Amino acid sequence: MLLCLTLVYAIDLGGQPQADVDDSQGAESLAAYMISSAASPRRVYVDEQVTFFVNASSTVVGAMLDITIYFDYRLTNGSVNPSSPYFHTQEAAPAYVTTTYAYDHIGNLTDTTGTTYFQVWIFVNDGTATQAEAGLKVYVVGNTAPTLTSKPASTIYDITYEVPYKLVSYVVQDYDNELVTATWDFGDGTELAVNETLATAAGSYISQNHTWVIVLSPGRDSLNPLDPYFVLFDMSVKFEDAYGHVVYSNHTVNITPPRNYEPARTFAAQSNDWSPGYELPFYASATDPEGDPITWTYVFSYSGVDYMTDVYHTDYTVPGTTMWRNVTHTFSSSGVYNVTLFISDAMEPWQVYNNLSQTIQITVKDNVAPGVLANITMSPVNPTINTTLGYAEVFFSIQANDFDSDVLYLTWDFGDGEGATNQSVGGSWEVYTFYQTHRYTVAGEYNITVLVDDNRGHTVLRYKAFNVLTTNAAPSLKNVLFELSHGVYAAPNTTVNITVILYDFEGDPLTVWIDFGDNSTVFMAVLTDFSENNTVTVLVSHVYNSTGKFNVTVTYTDGMFGPGHNASMQVPLEVKVPRDIVIRVWNWWDSVSLGLVFLGVALVFARWYFLGKFRKELDKKGLSLEEYKTMVAELKRDRDTSLRSVDAQVKANKMNSARAKQVKADIRDTYVKKVNALRSGTLAGVMGGGA
């Protein structure tokens, strides 16, 4: 019998060494077959499958071959491993058998190069006394961990704030030519980043982009030598192959924040000279390019000792926004004070390195009030609104000075709800003349005031009252007409119609009030419906509930200022109960009374008749009745004068009473004759005259 055996093993990676055959244990034919099938040595890794091929035959026709493969046949001491895993099968000759096996650890034997391997042994039996066997070595080694042949420095500098940064300097080397996974922890709390590369023995590049975002600390500048500002992150990158081999690379990332520029500021006092006991305003502003919160610290000191500190804060703003934080302070006594303002756009505890300061010196001393001339001058003195222009322009002026050389602030009130201000330059005792011009559009009485303030607690007030007139003509009341129930008076509870007629040359709207005089509601109306002759009429009705004499007051205005533009008139009105008509029976006295009335009428008629006739006689003589009466009156004066002369002579004892009596009789007789001569003896006694 002759057995023929060929054994080949392989793995699924390719390119690894083929096991060499230990032919000292087999037949020549077996050995001859092994030599002819040999290849270059191979090796495998733990948990990688190994493929075994057994090709055997027998000289016995139809023989069944019993094939056994021991995968770990020898122990480290050279003895047979009784616990070796094995493969067994029976196949008809010739047989070609294939099987696989994966080792879970590295070889327990070591060759001269230090490489670990397993001793594999194959037995083939054809049922006769002849048995063929062969041995070979399977090199099983462990998987190597990846290595980093190039990586960034332990500290990575000059990474710009919020700009993507590419980490490109990692080179991963793996002698097993397998995938390596990189897990990136950037140290800023963001999500881990993962990517992979096929690492080779020559090395492969791997990179990752990342943007570090930091919360900036307000007011801290990276270039401030007293407070260098940067932010550190601990970054870690883990490199891992498929076999769990891990390599870490740890770095410190130094982030350079953007430049933070100091805020622009202003600081000033209302005055550097002040009086004790009065509030002095201080004005401060800050404009931060980044809009950072601002801390304002006011420090008040006297003789080098800080006696008060006030701290204020303003919040974030739009970049470049100007913020104001003004304060006032009262100095209790005279002296020289320093007021220092610290402005910082940094937060604690970094304000000590990021404070800007400015100091103002204040001299506090007793101060006197400004001097102001007594009167406000104005031109023109009697301003009148030009109806064409619609206004009257008035020029005002006043003079003032300050003995402490303080700046003077003037506040004008023109009396019509409008005002203005003036300011002196200060610094001297010079008398300043302050001017204002104002236009008045409504006529009326005005009171202009000007307040002079030295901002040291002293104010002086001056005022001037004046009238602004208008060329507009005043309205007039043309008539007030009553329509009464009984003609000249009204009965109670009857309707009284009152018609008021007004006139206005310009046809301005007129406001009229009618007070009925009985404590009832006053009637008011605005009249605009003028006639062609510029009159306007209002009709109102009213009912008086009680009797009496009432004054109806009509008040009217065209809204202008000046005489007659706001006027009123009272018109009397009587309300009474009408008298009852009584029918009486005619008696004798009524007849006598009626007769006497008729007699009187007859006498009057007779006198009128004869007087008319007498006038005609006078006309014939060329005299009128008036001329006749005048001549008679002259004769009477002459008579009376003569009689008084006689009485005077008697009183002076120049004439006795008997003589005086005779003379008086002659005087009277002469008078009668002269009058009769005028009458010419006609119509004697008609005039009932005569002395």
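Any read-out appearing in this document is the output of simple, stated calculations on the displayed coordinates, not a laboratory observation. If you're wondering where the values come from, they're calculated on a predicted model, not measured in any experiment. Note: ideal-geometry Cβ built from the backbone for every residue, glycine included; neighbour counts use all protein chains shown.
Brief remarks on what is shown
- Distance in nm between pseudo-label sites at T537 and Q399 (7 Å out along the Cβ direction from Cα): 6.3
- Calculated FRET efficiency, A633 to S520, Cβ-Cβ distance, R0 = 60 Å: about 0.50 to the nearest 0.05.
- Ordering of 53-62, 133-142 by packing is 133-142, 53-62, highest average first (other Cβ atoms within 10 Å, averaged per residue).
- When each of the peptides 308-317, 86-95 is scored by how many other beta carbons lie within 10 Å of its residues on average, the order from highest to lowest is 86-95, 308-317.
- Magnitude of the charge dipole for the chain, about its Cα centre and with charges confined to Cβ atoms of Lys, Arg (+1) and Asp, Glu (-1), is about 10440 debye.
- Working from Cα pairs under 8 Å separated by at least six residues, relative contact order for the chain is 6 percent.
- Dividing the convex hull volume of the alpha carbon atoms of the chain by its residue count gives 556 Å³ per residue.
- Segment 550-559 - phi-based ³J(HN,Hα) in whole Hz, Karplus 6.51/-1.76/1.60, Gly and Pro as x: 10, 9, 7, 9, 10, 10, 8, 7, 9, x
- Among the trypsin sites (Lys or Arg not before Pro) found in segment 183-268, not one is both in a DSSP coil and sparsely packed, with 10 or fewer other Cβ atoms within 10 Å of its Cβ.
- Two-decimal log10 I(q)/I(0) for segment 223-353, as the Debye equation yields it once each C-alpha is a single scatterer, q = 0.09, 0.11, 0.16 Å⁻¹: -0.45, -0.57, -0.91
- The average projected area of segment 353-469, computed from the convex hull of its Cα atoms over all directions, is 10.5 nm².
- Fully extended contour minus Cα-Cα distance, from N375 to Q423, at 0.36 nm per residue: 15.4 nm
- Anisotropy class of segment 300-426 from Cα gyration tensor, a/c 1.5 cut: oblate
- Value of [θ]222 nm, deg cm²/dmol, for the chain, DSSP H segments ≥ 4, -39500 (n - 2.57) each, nearest 500: -4500 deg cm²/dmol
- Residues D580 and S476, FRET efficiency given R0 of 60 Å [Cβ-Cβ distance, rounded to 0.05]: 0.90
- Sorted largest first, extent of segment 401-474 alpha carbons per principal axis (Å): 53, 19, 15
- Protection proxy ranking of 457-463, 338-344 - average other beta-carbon atoms within 10 Å, highest first: 338-344, 457-463
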